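The values are calculated or read from the model by the stated rules, or taken from the named source; none is laboratory data. From a predicted model like this one, the values you see are computed outputs, not experimental measurements. Backbone-built Cβ (ideal geometry, glycine too); neighbour counts: all protein chains shown. Side chains are part of the model used for accessible areas, which takes the heavy atoms of the whole protein and leaves out ligands, DNA and RNA. Shrake-Rupley method; radii C 1.70, N 1.55, O 1.52, S 1.80 Å.
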Amino acid sequence: MKTLIHGGQIRLYVLDNTDLLKEVYEMNQSVAGLPKQLLGKMISVMSILTGTLKGTDRISLSVTLTNRSQKLFTEADAGGNVRGYMNGALAEFPCDGETGEEKMIGGNGTIRVIKGTDLHQFTSITDMPNREITKDLENYFMQSDQTATHLAALIRTGEDGMPLSSHASYAQLLPGAPSHLLEEVKEVLRSRPELPAGINAGNLDKSLHSLRMAFPGLQFLGTSECRFFCGCTKEMFLGMLQSLSAEEVEEMIAQSEPAKAVCHVCGREHLLETEDLRRLGSA
């Protein structure tokens, strides 16, 4: 949901992406809670940033932790398509119950952001002095765009580790706005922890009422949708298998069981049936 507050001097976007986060968590059921939470926060941030993109704009965000083998990747486009994943080294991280986000990121994490279109892209790399995803992304906007920005992502999980709710907020000063206004917005959001729960993707009127109670004079600009979209297909994996030799394809057929191809982006399994492999071998 896109709005303007403080007389049009600040744009404030709020997001309910609970269903999207449930889908992401289901794709990563075998992953420990903390890495999954980091990925969820990054996807929430990217989900809300889709509202700032136009036309063919795209944005990708990758985070490398102090342990350089551990990485997270997310990307989004102006159509509201979002995807994200973590690499194997992070997915296999054994959480001990004492390690928090700050400790996991460590003192030498980095953020790499690529923005633009397929033809014109701009890359920025910043460090992570706060050791916290959203605060360090605020730091990125200040360093790269010289723009004061607020970002927050709140994920509430149940006893089973699945999201009960997921909300995000994004506020940014527009040109000429005094910097103290953003601090006032942050204070309102901090002092009203119940506000995110009032944002409901299925109830626009209720969501607007909650925001207007917190920010009188709010101007409603509109809404946009976001969804998890990977684009992987069985045909894509069959195309990759064309690089195999005829003998290797015959070995797969001889197993008399469907072969499994797992997408490293979304975790979906694609079954490659014996008949698919036979057609591949005869091509």
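Structural remarks
- For the range 50-65, the set of residues classified as part of a loop (DSSP other than H, G, I, E, B), touching a Ser or Thr at 6+ places or on another chain (Cβ under 9 Å), more than 19 Å from G231 (Cβ to Cβ) and open to solvent by 10 Å² or more (accessible area, probe 1.4 Å) consists of G55 only.
- Test for V14: is it open to solvent by 10 Å² or more (accessible area, probe 1.4 Å) and either assigned to a strand (DSSP E or B) or of a type in the set (V, I, T) (or both): yes
- Scanning the range 21-49 for residues that are open to solvent by 10 Å² or more (accessible area, probe 1.4 Å), part of a helix (DSSP H, G or I) and among the polar types (S, T, N, Q) turns up just one, Q37.
- When P216 is tested against (1) within 26 Å of M142 (Cα to Cα); (2) at pLDDT 85 or above, just one condition goes unmet, and that condition is (1).
- Scanning the range 177-190 for residues that are in a helix (DSSP H, G or I) and either open to solvent by 70 Å² or more (accessible area, probe 1.4 Å) or within 16 Å of G8 (Cβ to Cβ) (or both) gives H180, L181, L182, E183, E184, V185, E187, R190.
- Single residue of the range 245-283 satisfying the filter (closer than 27 Å to Y85 by Cα and more than 24 Å from the chain's Cα centre (by Cα)) that is surrounded by the fewest Cβ atoms within 10 Å (Cβ to Cβ): K260
- Applying a threshold of 6 Å to beta carbon distances and a minimum spacing of six or more residues, or different chains, the list of pairs starting in the range 185-211 at a residue that is closer than 17 Å to S165 by Cα and ending at one that is open to solvent by 70 Å² or more (accessible area, probe 1.4 Å) reads P196/L154; N200/K206.
- Where strands (runs of 3 or more DSSP E) fall entirely within the range 191-283, none has at least 2 residues that are out of contact with any strand residue (DSSP E or B) (no Cβ under 7 Å at 6 or more places or on another chain) and under 30 Å from M1 (Cα atoms).
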